[in-house]
Amino acid sequence: MPDYCCEVLPASAFLGFFLIVTPLAVTPGASFTLVSARGVAGDRRGAWATIAGTAAGIATHAVLAGVGLAAAVMRSAEVYIAIRILGAAYLIGLGVVLMWQSRRTEAFSNGHSAGVSASVGVQARRAYVANVLNVKAASVYLTLAPQFIPAFSVGVVSMLLLATVHILVMAAWLGIWSTGLTALASHFDPQSWRRRIDALGGAVLVFLGIRSVAEIQ
């Protein structure tokens with residue numbers, strides 16, 4: 001019996017998409033900022049939860065592109081702008097929340113470890129929403145991915161196969177990055193850095209949101 005995956009996409013498609021998506025995956029963005037914040041805070045589980053949420057977002061874009069829903073959205077200027085504004089508002093709101101958390105009392109910081117499980121879920125959800133509302137991430141599967149898929153293979157399966165490459169590159173990069181930051185965090189008290197990291201990360205997310213709005217045409 002022939003290998004179904006090989007019939008869906010040739011090996012050259014995976015290699016080509018890998019070469020194209022790698023520079024995009026390592027470019028700092030919202031997920032990079034969120035992972036960096038958790039890494040410097042010494043929160044390894046939170047960092048990997050963020051990576052998992054980002055992976056789920058990438059898979060969602062692939063599925064939507066595969067069934068044609070995302071393409072329909074992108075053809076509508078009004079819907080495109082609405083999603084762009086919604087995504088920017090989410091980034092700005094998330095940034096404001098992080099900056100607000102940086103001003104919380106030390107008592108909350110000391111009690112934060114008791115809510116690690118809830119925090120992991122929150123980190124994953126934040127990363128997922130940030131990625132799903134990222135129109136640029138959606139455009140990868142509407143403009144770049146189709147170039148590596150034969151016309152007879154276009155669909156959810158082929159998109160998810162390419163998304164797997166994207167996820168592996170993203171997870172490897174952010175995993176190595178967060179692990180390095182976590183190792184550095186072991187040399188100082190994470191709590192003493194938490195406020196400044198949340199403040200810096202929040203400012204970066206607000207900047208990304210404002211830049212996204214400014215790029216709307």
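Here are the numbers for this structure:
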{"read-out": "Approximate spin-label separation Arg45-Thr179, in nm, with each point projected 7 Å along Cα-to-Cβ", "value": "2.0"}
{"read-out": "Nitroxide proxy distance, nm - points 7 Å out along Cα→Cβ at Phe152 and Val67", "value": "2.6"}
{"read-out": "Accessible area in square angstrom per residue, the stretch 46-107, 1.4 angstrom probe", "value": "48"}
{"read-out": "Per-peptide average of other Cβ atoms within 10 Å, ordering 52-63, 77-88, 203-214 highest first", "value": "52-63, 203-214, 77-88"}
{"read-out": "Relative packing of 169-175, 152-158, 38-44, which averages over residues the other C-beta atoms within 10 Å, highest first", "value": "38-44, 169-175, 152-158"}
{"read-out": "Added length on full extension, which subtracts the Cα-Cα distance from 0.36 nm per residue, Phe18 to Lys136", "value": "40.7 nm"}
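The values are calculated or read from the model by the stated rules, or taken from the named source; none is laboratory data. Just so it is clear, the structure is predicted and the values come from calculations on it, not from any experiment. Every residue, glycine among them, receives a Cβ derived from its backbone with ideal geometry; neighbour counts consider all protein chains shown. Accessible surface is based on the protein model in full, side chains and every heavy atom, while ligands, DNA and RNA are left aside. Shrake-Rupley method; radii C 1.70, N 1.55, O 1.52, S 1.80 Å.
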